[in-house]
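Just below is one structure, and these are the notes that go with it.
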Amino acid sequence: MKKIKRHLPILTLIASIILLTVLLSKVHAAKSNANFIWKDVKGERSVLNGISISGELADAYHRTKFIVENGKVNYKTDVLDIPQTMYQQQSEKEFTFHRAGQITNNFEVELKDYSKTPSSSYARIITDIEYNLSKSLYGVSFVNTHHYGLTTISDKVFYTAPTSSNAGGVNGIYELKFTEYYINTIQEKYNPRTLTTFELNKVNDQTGIQVLGLEAVGNKLALILIKNHKLTIRVFDSETGTQLGETNLKDDFFIGDQENPEAKEVHRSNYDSFSYNDLLILSFPSLGSTENDSKKTIISIDFTDEVKIIGINKGRFTNSTSRDSDNIEEMYYKNNKLYIVNTAVDRAKENDVNRAVLLPKYIKVYVYDENGLIYEGRLETDIHDDYLRFTNEKGSIGINNDEFRNFMNVSIY
């Protein structure tokens with residue numbers, strides 16, 4: 001009896017491990033048999049004919065690939081031989097901007113590529129932009145963050161400065177050259193290649209040019225501007241810098257952070273962009289949009305032969321239980337219809353859990369034509385089981401993001 005008692009703690013530990021293993025095996029087995037169901041919320045599912053939506057639902061241990069074709073769902077779950085944290089499954093490259101000294105025209109870009117050693121490389125940017133610092137309380141201001149001016153084509157990185165109305169002089173499009181050496185030791189041969197330059201407005205000229213960003217469309221570069229209150233898109237050859245065309249909206253398009261008495265609608269400058277082959281879609285949120293009532297102006301531009309605007313849609317995302325305005329994954333324009341895919345968060349469960357990462361998510365699709373919203377559907381899965389497991393056992397287990405599945409690599413085509 002004493003011998004049994006002596007080994008009782010060990011036996012208890014073994015029994016606990018076996019029990020935990022069985023429980024985890026059940027959880028993992030349940031995830032391996034995931035359920036995917038497509039539900040119509042509004043309109044006829046037939047508008048999805050000829051459209052495919054694909055993606056993955058993954059945690060550190062499983063990856064379920066799914067595809068929705070003509071409104072029908074197919075999926076397959078693979079169990080990973082070697083677990084991958086959710087961080088490992090994200091993009092391996094990221095860019096960071098730094099001011100180079102006190103000179104407002106000089107910046108450095110750090111590129112971190114975690115697939116390489118060393119992971120960091122550096123490039124510098126030198127422009128001929130002039131800033132009216134006396135008109136700004138916070139020094140140099142930009143209409144958008146630097147990342148809006150950065151885009152890539154294959155391994156090439158291009159940049160333009162997103163300038164507001166307090167900037168004048170000359171801006172341009174530059175191909176950056178990266179080196180593993182820190183910026184202070186970079187030689188002149190690592191200066192960026194200038195593809196093209198263009199004149200800005202007089203400083204603080206509200207009717208002049210604001211540079212919102214730079215986008216890659218196939219092998220072309222699209223410069224997004226506000227010029228005399230018109231949204232303007234200029235397209236350039238990414239090799240030669242030759243301007244290939246320009247188009248703009250006929251109506252005034254106001255950008256700002258304050259209401260404008262002259263404008264029926266004012267938009268924020270921080271747009272979303274989506275591109276497929278020769279198609280670019282820009283989505284501008286309206287000023288005053290809220291979490292539960294988000295309005296967007298969505299503009300589709302075709303670059304096939306000449307740059308031209310082929311669609312303008314007004315999107316509105318209103319739902320008291322879901323933050324549908326967040327996490328837009330993809331937009332696609334086909335046959336005079338705009339397709340929007342986003343990951344929605346179920347706000348009805350917000351009181352049940354204490355961390356946003358635990359809120360149930362699902363895929364939602366909206367379809368618009370020239371008259372407005374014509375279809376709404378959603379892809380529901382058993383991802384809710386992950387959150388129910390936590391809410392039922394939150395006193396006994398910690399929160400590990402790798403245990404909770406999330407949508408990844410969602411696309412529409």
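Charge tally for Leu379 (other residues, Cβ to Cβ under 9 Å; Lys, Arg +1; Asp, Glu -1): +2. Taking the Cα centroid of segment 223-250 and of segment 151-166, what is the distance between the two, rounded to the nearest whole Å? After rounding, the separation between the Cα centres reads 13 Å.
Here each label is just a point 7 Å from Cα along the line to Cβ, and for Thr240 and Asn228 those points are 2.8 nm apart. In a shell of Cβ-Cβ distance under 9 Å around Glu175, excluding Glu175 itself, what net charge do Lys and Arg (+1) and Asp and Glu (-1) give? Counting the neighbours of Glu175, the net charge comes to +3.
Taking θ as phi - 60° and the Karplus parameters 6.51, -1.76 and 1.60, the scalar couplings of segment 159-170 work out to 8, 9, 7, x, 9, 9, 6, 8, 10, x, x, 10 Hz in sequence order, x denoting glycine and proline. Working from label points 7 Å from Cα in the Cα-to-Cβ sense, the Asn260 to Ser411 distance is 3.6 nm.
What is the ratio of the Cα radius of gyration of segment 247-315 to 2.2 N^0.38 Å, with N the residue count, to two decimals? Kindly include the intermediate steps, with their values, before the conclusion.
Details: Rg = 13.0 Å, N = 69, 2.2 N^0.38 = 11.0 Å.
Compactness ratio reported: 1.18.
Between amide H atoms placed 1.01 Å from N, distances below 5 Å from Thr196 occur with Ile173, all of them 5 or more places distant or on a separate chain. Computed from label points 7 Å out along Cα-Cβ, the spacing between Thr117 and Asp252 is 6.0 nm.
Rounded to the nearest 0.05, what FRET efficiency is calculated for Lys308 and Arg45 with R0 set to 30 Å and r the Cβ-Cβ distance?
Efficiency, rounded to the nearest 0.05: 0.45.
Close amide H partners of Asp382, meaning residues 5 or more places away or on another chain with modelled amide H under 5 Å apart, are Asn35.
Throughout, read-outs are computed from the coordinates displayed, never taken from laboratory work. Being a predicted model, the structure only gives us computed values, none of them experimental. Quick reminder, even Gly has a Cβ in these numbers, built from the backbone with ideal geometry, and neighbours come from all protein chains shown.
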